[in-house]
Amino acid sequence: MESEKIQTFINYLDQRTSSVQEDTLRLIADNRRDEANFEKIRTNIFQIVKTIFQASVRVSQEESERVRFLDTKLTLFQETWESHLTEAKEHGDDLKIVQEQTRLEALAEIRDTFQKIWGESL
Amino acid sequence: MTEENAIRLFKCLADKSRLQILKSLAVEDMYVELLAERLNLTPATISFHLRKLSEIDAVRSYKTQYYTMYSLRQDTFAVKILDILKEQSDEADLQARREQAYRQKVIDAFFQYGKLKSIPAQRKKERIVLEEIAKAFEPGRIYSEREVNILIADFHDDFCTIRRDMISEQLMDRDERGYWRLV
């Protein structure tokens, strides 16, 4: 049986996945396909984080261990994407800049929720 | 306007945000942040769209004291659609353009910021990648093995494999004097 906090976090990720998918469909219907593709990247981040968190049960059954595991992964993602963003800016790669910024925005939002739920135990 | 350019233009314009940007620029020249505010998009998204519009010569930019301003290129939109439809398509020309598009796709997939991400497993793709690397060598000049390795290492760490493959693909040749580019 998962704790209430875990359930809240998973529900949040599911709900954001659905709402971003709706935004994507709205953008496609509005003939804004490139921006819809950026939203697909955002959806993907919520799904990846959910997958990692669910898989963390293989690392440990302890909630605190699972939370630390995810925190480490999120930090790693942030460092990687920040470095990709810097590289894209150096090369004036406008497409990659938007893609990396979208990833980092989604990640910041997830980390914010994550902190609100488990802040005191991190 | 060539058929290929017309397709690129129409494809690029088939996007509401880009049309909104062009409509705004039809009224007055603007900078990225102002467009972002007016269209409720992030500056990065606006820059992305402006880059695409620049690629089809729909907009041009110029610098002022504080901002890079963007303006509409009236000449691109002065072309009549009927004139584009009346243009002849040449099949040989189309074939060459398809080949060029394929080459560019392979190059975009395997190179990032001038570095080779990985050596393609498929021979046809590897040939394209090797041809791209071969451009780093001046035609007619003889290079020592060390110079060849250094030049290839700018693209990928596995310079031995690439150097050997360039010989076997007859992009380069060698004798006791050194290496030289063939094509």
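The values are calculated or read from the model by the stated rules, or taken from the named source; none is laboratory data. Just so it is clear, the model here is predicted, and its values are computed rather than measured. A quick note on method: Cβ atoms are made from the backbone with ideal geometry, for glycine too, and the neighbour counts reach across all protein chains shown.
Please name all residue pairs, on different chains or six or more residues apart, with Cβ atoms under 8 Å, provided the first residue is in the stretch B:164-183 and is at positive phi and the second residue is surrounded by fewer than 12 Cβ atoms within 10 Å (Cβ to Cβ).
Note: pairs meeting the criteria are B:Q170/B:V183; B:G178/B:S144.
Just to be sure I understand, how many residues within the stretch B:139-183 are β-branched (V, I, T) and part of a loop (DSSP other than H, G, I, E, B)?
Taking the stretch B:139-183 and keeping what is β-branched (V, I, T), we get B:142, B:148, B:150, B:152, B:161-162, B:167, B:183.
Checking which are part of a loop (DSSP other than H, G, I, E, B) leaves us with B:142, B:183.
Residues meeting the conditions: 2.
Could you figure out which of (1) modelled with pLDDT under 95; (2) within 12 Å of chain B (Cβ to nearest Cβ); (3) assigned to a helix (DSSP H, G or I) isn't true of A:G119?
The one condition A:G119 does not meet is (2).
Provide a single number: the residues in the stretch B:70-108 that are of a type in the set (F, W, Y) and part of a helix (DSSP H, G or I). Walk me through it before giving the result.
Of all residues in the stretch B:70-108, those of a type in the set (F, W, Y) come to B:70, B:77, B:102.
Imposing the further condition that a residue be part of a helix (DSSP H, G or I) reduces the set to B:77, B:102.
Matching residues across the stretch B:70-108 total 2.
Report the residue count in the stretch A:76-122 for those that are surrounded by fewer than 19 Cβ atoms within 10 Å (Cβ to Cβ) and among the aliphatic types (A, V, I, L, M).
6
Residues that are in contact (Cβ under 8 Å) with a residue 24 or more places away in the chain, away from chain A (no Cβ under 13 Å) and not in a loop (DSSP other than H, G, I, E, B): does the stretch B:35-51 have at least one? First the steps, then the outcome.
Within the stretch B:35-51, the first condition is being in contact (Cβ under 8 Å) with a residue 24 or more places away in the chain, and the residues that meet it are B:35, B:41, B:45-46, B:49-50.
Next, only the ones that are away from chain A (no Cβ under 13 Å) stay: B:35.
Retained after the next criterion (residues that are not in a loop (DSSP other than H, G, I, E, B)): B:35.
Yes - at least one qualifying residue is present in the stretch B:35-51.
Got a sec? Which of A:R26, A:R42 is within 14 Å of the chain's Cα centre (by Cα) and within 14 Å of another protein chain (Cβ to nearest Cβ)?
Details: A:R26 fails: within 14 Å of the chain's Cα centre (by Cα).
Going through A:R26, A:R42 in turn, the sole match is A:R42.
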